[in-house]
Amino acid sequence: MIEMNTTFLPSARGGAPSTSPVRPRRLRRRAAIASLAAIATSALLPLFVWLIAVPGAGIRLVAGSGAAAQHVGPPSIAVAALLAGFTAWGVLAVLERVARHGRRMFAIIGWAVLVLSLAGPVLSGATGSVLVVLLVMHVVTGATLVIGLPSAARAGSIERDGRPRRTTSGSDRRTAVTGVRGDAAGRVR
């Protein structure tokens, strides 16, 4: 059952009580768990790339050169990915509250930040296979966050009428978008 929140909202007509759907606790919990799973995945995927590149292929991951050289290992990878993930989650939460199309704006901002983050390995002086591995780590982390966090937020959202949002797949997607059940030719199944 959907909880309804009756609040007094002042309006131009003198302010009448209005009911607005409040996300039930289970939907908020589902969205939070899915978001944490997306963030954990975004931290584990670059570690998987590191496992293939360093112990597997024998690549020595060092960003920079000389005194500014920095060894890239599992702790720095995990901390950077988790920091990026929780920051992205916060940005998504703010955009969902203040913007009408918060998830779309998040995607645009996220892809732009990912492209800009690719300058880090390039400007660090890394070359060859080290550069490729660092770029792949950036891409898998960023893409996981940009795709995974809005999907996780969608898992806990509700429709305007207060019902939990139904996830759709395949032919149900057309029904969800158009409200008409059937295939592209209009045949009802």
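Annotations for the structure displayed:
- Top-ranked residue of the stretch 117-128 - restricted to ones that are touching a strand residue (DSSP E or B) at 6+ places or on another chain (Cβ under 9 Å) and surrounded by fewer than 16 Cβ atoms within 10 Å (Cβ to Cβ), ranked as modelled with the highest pLDDT: Gly120
- Residues satisfying the stated conditions in the stretch 65-79, i.e. under 23 Å from Leu45 (Cα atoms) and surrounded by fewer than 17 Cβ atoms within 10 Å (Cβ to Cβ): Gln70, His71, Gly73, Pro74, Pro75, Ser76, Ala78, Val79
Residue by residue, here is whether (1) of a type outside the set (Ser, Thr, Tyr); (2) in contact (Cβ under 8 Å) with a residue 12 or more places away in the chain; (3) more than 13 Å from Val132 (Cα to Cα) holds:
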position	(1), (2), (3)
Ile39	yes, yes, yes
Val62	yes, yes, no
His71	yes, no, yes
Leu82	yes, yes, yes
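- Verdict on Ser35 being at pLDDT 90 or above, within 22 Å of Gly128 (Cβ to Cβ) and under 28 Å from the mean Cα position of the chain (by Cα): no
- Among the residues of the stretch 49-95, those identified as modelled with pLDDT of 90 or more and in contact with a Lys or Arg (Cβ under 9 Å, 6 or more places away or on another chain) are Val54, Leu92, Leu95.
- Restricting Leu61, Leu134, Leu95, Leu114 to residues that are surrounded by 15 or more Cβ atoms within 10 Å (Cβ to Cβ), farther than 21 Å from Ala155 by Cβ and in contact with a Gly (Cβ under 6 Å, 6 or more places away or on another chain) narrows the list to Leu114.
- Checking every residue in the stretch 141-164 against the condition of being over 22 Å from Ala31 (Cα atoms), part of a helix (DSSP H, G or I) and modelled with pLDDT of 90 or more gives zero matches.
- Pairs with Cβ under 9 Å, 6+ apart, first in the stretch 90-114 and farther than 11 Å from Ile147 by Cα and without any contact (Cβ under 8 Å) to a residue 40 or more places away in the chain, second loosely packed, with under 12 Cβ neighbours inside 10 Å and not aliphatic (A, V, I, L, M): Leu95/His101
- Every listed requirement among (1) modelled with pLDDT of 95 or more; (2) touching a helix residue (DSSP H, G or I) at 6+ places or on another chain (Cβ under 8 Å); (3) of a type in the set (A, V, I, L, M, F, W, C) is met by Leu131 save one, (1).
The values are calculated or read from the model by the stated rules, or taken from the named source; none is laboratory data. Owing to the predicted nature of the structure, the values given are computational and were not obtained by experimental measurement. With ideal geometry, Cβ positions are generated from the backbone for all residues, glycine too; neighbour counts draw on all protein chains shown.
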